[in-house]
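The values are calculated or read from the model by the stated rules, or taken from the named source; none is laboratory data. Computed from a predicted structure; not experimentally measured. Cβ sites come from the backbone with ideal geometry, for glycine too, and all protein chains shown count toward neighbours.
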Amino acid sequence: MKIIDLRSDTITRPTLAMRLAMANAVVGDDVLGDDPTVQRLEALAAARLGKEAALFVASGHMGNLVSLLTHCGRGDEIIVGDQAHIFYYEQGSAAVVGGIHPRTVPNQTDGTLALDQIEAAIRGDNVHFPRTRLICLENTHNRCGGAVLDVAYVQAVGALARRHQLKLHVDGARVFNAAAALGVEVRELAADADSVSFCLSKGLAAPIGSVVCGSAAFIQQARRNRKLLGGGMRQAGVIAAAGIVALEQMVERLVDDHANAQRLSAGLSQIPGLAADPARTQTNIVMFELTRPDMTPAHLQSALEAAGVRLFTVGGRRLRAVTHYEVSAEDISEALERIAGVMA
């Protein structure tokens with residue numbers, strides 16, 4: 001029985017082109033600044049995002065933390081969504097490592113933060129308060145079902161930040177998915193951000209790594225903070241080579257993942273005992289709810305595992321499935337048959 005793994009787009013294995021590029025990568029010592037393959041990846045990423053410079057890091061978590069440490073000092077405050085990956089899944093690292101205080105604003109169902117609530121959360125200059133330094137957005141938004149923040153919204157938040165002399169960081173782990181869904185260049189979604197991090201190891205299918213993009217001065221300081229976190233890598237060109245292939249070969253095909261997610265969401269909506277909304281499935285993440293009262297999400301997850309379909313529970317009665325390049329349209333049809341069988 002073929003396993004259809006819908007747990008995450010992080011589980012993808014490198015393509016043959018990536019493996020060949022890794023095997024043949026020309027390398028140096030990136031900590032010393034002379035790995036040509038890392039330099040090529042960083043230049044390519046900066047150009048795609050429309051920024052002056054970029055920094056290769058080990059993970060999305062590291063990319064976000066490096067960015068926050070570069071924007072903020074100890075005792076400074078960030079405004080962040082209460083469902084944001086930075087706040088929800090990154091172990092409070094900004095506070096633990098950087099002494100940075102998070103102030104949460106409720107995420108709307110579409111992944112946005114209401115502009116008036118962002119503005120209300122900005123601290124005045126008062127000795128009792130931490131200093132507000134940074135606004136953080138997430139695009140696409142994981143816990144909001146892969147929701148896309150459009151160009152106009154990011155522009156509006158960027159304008160608000162500038163009006164208050166704040167910076168804007170975008171956790172763009174899946175920002176290329178957002179651009180594909182909107183039919184825009186990714187640089188348009190990054191234009192108003194002072195820094196953007198994105199993952200090579202999710203929908204773009206590289207085995208490891210993320211990239212932080214920003215101004216040359218910002219990246220120079222971010223490089224110091226990467227070293228502070230133990231993130232200096234030596235012959236990193238071996239893994240950067242896969243990232244280059246990811247940017248050159250795996251971006252345009254993201255729309256296939258989105259189409260498969262639509263098929264999955266539509267199919268789930270027709271299975272008794274499950275509730276899914278295809279209209280809210282914008283990218284490659286499908287959120288759905290178990291409505292059958294005699295079954296728990298954990299029970300369903302276990303039963304689907306036995307049937308060869310892997311996915312995650314995400315709290316309450318919700319479950320999540322994520323499409324990626326190793327899941328075909330035929331796999332989606334087969335997964336729906338198996339899910340319907342389990343529910344029956």
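Things worth noting here:
- Check on Glu119, assigned to a helix (DSSP H, G or I) and either free of Cβ contacts under 8 Å to residues at least 24 places away in the same chain or surrounded by fewer than 22 Cβ atoms within 10 Å (Cβ to Cβ) (or both): yes
- For region 242-294, filtering for residues that are part of a helix (DSSP H, G or I) and either hydrophobic (A, V, I, L, M, F, W, C) or under 17 Å from the mean Cα position of the chain (by Cα) (or both) leaves 16.
- Test: Ala217 is without any contact (Cβ under 8 Å) to a residue 12 or more places away in the chain and either surrounded by 20 or more Cβ atoms within 10 Å (Cβ to Cβ) or out of contact with any strand residue (DSSP E or B) (no Cβ under 7 Å at 6 or more places or on another chain) (or both): yes
- Among residues of region 224-282 being among the hydroxyl-bearing types (Ser, Thr, Tyr) and without any contact (Cβ under 8 Å) to a residue 24 or more places away in the chain, the one that is surrounded by the most Cβ atoms within 10 Å (Cβ to Cβ) is Ser265.
- Filter result (among the β-branched types (Val, Ile, Thr) and either in contact with a His (Cβ under 6 Å, 6 or more places away or on another chain) or surrounded by fewer than 24 Cβ atoms within 10 Å (Cβ to Cβ) (or both)) within region 195-214: Ile208
Per-residue answers, yes or no, for (1) hydroxyl-bearing (Ser, Thr, Tyr); (2) over 18 Å from the mean Cα position of the chain (by Cα):
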| residue | (1), (2) |
| --- | --- |
| Asn177 | no, no |
| Glu185 | no, no |
| Ser201 | yes, no |
| Ala216 | no, yes |
| Gln221 | no, yes |
| Ile239 | no, yes |
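- Selection within region 132-156 - hydroxyl-bearing (Ser, Thr, Tyr) and not in a helix (DSSP H, G or I): Thr132, Thr140
- The numbered conditions (1) hydrophobic (A, V, I, L, M, F, W, C); (2) out of contact with any Lys or Arg (no Cβ under 9 Å at 6 or more places or on another chain); (3) closer than 23 Å to Met62 by Cβ are all true for Ala84 except (2).
- Of the helices (runs of 4 or more DSSP H) that lie entirely inside region 1-103, those containing 1 or more residues that are within 18 Å of the chain's Cα centre (by Cα) and assigned by TED's automatic domain parsing to the domain that holds Leu228 span 36-49, 60-71, 85-88, 93-98.
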